[in-house]
């Protein structure tokens, strides 16, 4: 992605967080990015396209950060803590710090569904990669690596939306982590 498009997407992210998806227009995004409206339309034909690109870039940045940080994490428990923090806790905190969180979630779910699904697949691939060294134990516990990765991704994503509080979210994720460690033969 070129620098201009990244600048536009970063501006869109700030606007969506500040005003919500519904109340943010293309003119708002162009002003925030410091570009002409036509420049914005040359890069993205609609707000839905900007929203999808925003989700894609956010996902890519998150995955890159996780991959970089995984290098220093030797145990599966530490790796899961890192992934669950980026997959659930940080988005939960970000959404709860914005005044229009529900509008963002609804807007992302409608306009950016394909981008969200693509991101989910990428997180599942990352989780499968992290769980692959434990494949024998996972299969002995009656699971397959890909199924367990899917379970973790879906459960972690759902938890950030369904948790009653941050404390409840952390409890849910702790239980999820313990379940994965048990399936991987790493509980102890």
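Points worth noting:
- Of residues in the stretch 148-160 being over 12 Å from residue 127 (Cα atoms) and over 12 Å from the mean Cα position of the chain (by Cα), the one surrounded by the most Cβ atoms within 10 Å (Cβ to Cβ): 159
- Unique match (being surrounded by 15 or more Cβ atoms within 10 Å (Cβ to Cβ), in contact with a helix residue (DSSP H, G or I) (Cβ under 7 Å, 6 or more places away or on another chain) and part of a loop (DSSP other than H, G, I, E, B)) among 62, 24, 54: 24
- Single match in 111, 77, 115 (criterion: on the phi < 0 side of the Ramachandran plot, surrounded by 16 or more Cβ atoms within 10 Å (Cβ to Cβ), at pLDDT 95 or above and in contact with a helix residue (DSSP H, G or I) (Cβ under 9 Å, 6 or more places away or on another chain)): 77
- Residue count for the stretch 143-174, restricted to those that are touching a residue at least 12 places away in the same chain (Cβ under 8 Å) and in a loop (DSSP other than H, G, I, E, B): 2
The values are calculated or read from the model by the stated rules, or taken from the named source; none is laboratory data. In this text, all values refer to a predicted model and were calculated from it rather than measured experimentally. Cβ: placed from backbone, ideal geometry, glycine included. Neighbour counts: every protein chain shown.
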